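The block underneath contains the structure these notes are about, expressed in structure tokens.
The values are calculated or read from the model by the stated rules, or taken from the named source; none is laboratory data. A quick note: this is a predicted structure, and the numbers were derived from the prediction, not measured. Methodologically, a virtual Cβ is constructed for each residue, glycine included, from the backbone with ideal geometry; neighbour enumeration extends over all protein chains shown.
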């Protein structure tokens with residue numbers, strides 16, 4: 001099992017990729033907005049959401065592959081069987097998506113369909129083709145995840161970010177349009193997934209694919225797991241990414257550009273959060289495979305604590321520095337979004353709870369129940385989102401996500417985890433709520449400190465610098481505490 005140092009190293013590399021992407025994206029965002037205009041920028045934002053949707057709608061193949069591989073870590077013959085059948089299933093999905101995209105392009109450009117929304121449907125078709133090609137290659141990311149090779153995944157992410165940012169910058173410099181941006185982004189995504197295949201072929205001297213191992217029963221087993229697990233994955237889109245489409249339906253395409261500002265900032269934070277949490281997936285599954293429910297539950301709680309801490313740090317900085325950041329990033333016109341941004345940060349807590357508990361439930365074969373709870377979450381959101389947007393505008397979409405998500409995670413999903421682990425539900429609930437309460441008190445304390453410093457120091461930049469110094473000091477103290485606790489535990493067990 002990988003140690004704490006590997007966890008921090010792998011997480012640091014993957015976060016470096018996200019930070020590089022975030023800095024480049026934040027820099028390019030205003031230029032893309034001004035270059036495309038609010039209407040085409042709305043299509044660009046919708047294209048990003050649809051890309052995420054297509055990559056998830058793979059019948060849970062990559063997730064199922066990771067799960068089955070993690071349960072058979074030392075069985076080479078099982079790996080060949082699992083990967084061969086995962087690739088066969090992924091090939092079917094690839095053909096369906098690619099054929100659908102090509103058919104849509106033929107309908108648009110040869111039969112003249114959708115003339116009023118030609119650009120939008122062209123983008124959808126291109127995204128479908130790109131996603132289809134990526135489906136097959138994504139199976140090899142499951143190989144890396146099952147081996148906890150997150151360092152390699154982090155390096156591949158850095159390469160994709162560098163390629164994507166440099167390419168988009170050149171396209172904007174030469175006055176390229178929406179289609180050029182979409183095509184190049186698709187190329188960068190395909191190359192990212194291809195890197196995993198190339199690495200596996202080089203590292204293991206094989207592709208793990210054997211046509212004679214393809215078995216309909218194995219494919220059914222993968223599909224039966226994946227069809228429920230995919231609902232949980234799709235729910236991540238309904239957390240906030242697909243909300244831009246609902247906002248566009250109710251408030252118009254121009255409103256999508258405004259909402260995209262919120263999504264861009266939250267998505268950056270969520271991607272960093274996911275790098276802290278996704279590392280635990282394979283470890284939790286392996287503990288369950290070893291029949292060590294106590295260790296698996298301990299990892300679930302550890303993931304929740306880490307996720308809450310990361311979420312709190314982002315929410316705090318949104319609260320203290322978000323308005324000033326929005327002013328310099330996209331202009332004073334969008335400063336009014338600050339309150340919605342802070343509230344939207346609460347979605348990170350919902351994502352933390354789901355990302356921590358879902359691997360545990362999947363490993364125990366409870367993906368059907370987990371999927372049912374996810375469907376309930378999505379159903380409640382869809383019932384609330386249209387009236388909420390009409391009543392509260394952007395904030396309505398956020399509240400329609402936040403309220404059902406927290407209730408189902410704490411009152412239903414956590415109870416199922418407790419029952420499966422043989423633990424006391426109220427004890428787990430208390431530990432989770434206590435962590436959230438301590439987080440809220442910490443944010444309140446830093447808010448009061450910010451107010452006090454603002455009264456003493458008139459320069460807002462100096463106040464921000466002082467707050468960042470305090471946060472940095474607290475992070476260093478936390479790191480030293482973890483190291484000391486780990487050292488003490490090692491001495492006791494020696």
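Just one of (1) assigned to a helix (DSSP H, G or I); (2) over 30 Å from residue 120 (Cβ atoms); (3) at pLDDT 85 or above fails for residue 222. It is (3). Here residue 313 meets the list (1) surrounded by 19 or more Cβ atoms within 10 Å (Cβ to Cβ); (2) modelled with pLDDT of 80 or more; (3) touching a helix residue (DSSP H, G or I) at 6+ places or on another chain (Cβ under 6 Å) almost entirely, failing just condition (3).
Taking (1) surrounded by fewer than 18 Cβ atoms within 10 Å (Cβ to Cβ); (2) farther than 24 Å from residue 93 by Cβ; (3) touching a helix residue (DSSP H, G or I) at 6+ places or on another chain (Cβ under 6 Å) in turn, residue 150 satisfies each apart from (1). The helices (runs of 4 or more DSSP H) found wholly in the range 1-115 and carrying at least 2 residues that are touching a helix residue (DSSP H, G or I) at 6+ places or on another chain (Cβ under 7 Å), surrounded by 21 or more Cβ atoms within 10 Å (Cβ to Cβ) and modelled with pLDDT under 85 occupy 4-56, 61-71. Every condition in (1) crowded, with 17+ Cβ neighbours inside 10 Å; (2) within 26 Å of the chain's Cα centre (by Cα) holds for residue 159 except the one numbered (1). Of the helices (runs of 4 or more DSSP H) lying entirely inside the range 359-423, those containing at least 3 residues that are in contact with a helix residue (DSSP H, G or I) (Cβ under 6 Å, 6 or more places away or on another chain) and closer than 20 Å to residue 60 by Cα are 367-392. Considering every residue within the range 258-274, establish whether at least one is at pLDDT below 75, over 22 Å from residue 342 (Cα atoms) and in the same structural domain as residue 351 (by TED's automatic domain parsing). So far as the range 258-274 goes, no, none of its residues is at pLDDT below 75, over 22 Å from residue 342 (Cα atoms) and in the same structural domain as residue 351 (by TED's automatic domain parsing). When the range 409-423 is filtered for residues that are without any contact (Cβ under 8 Å) to a residue 60 or more places away in the chain and within 16 Å of residue 360 (Cβ to Cβ), the ones remaining, listed by number, are 409, 410, 412, 415, 416, 418, 419.
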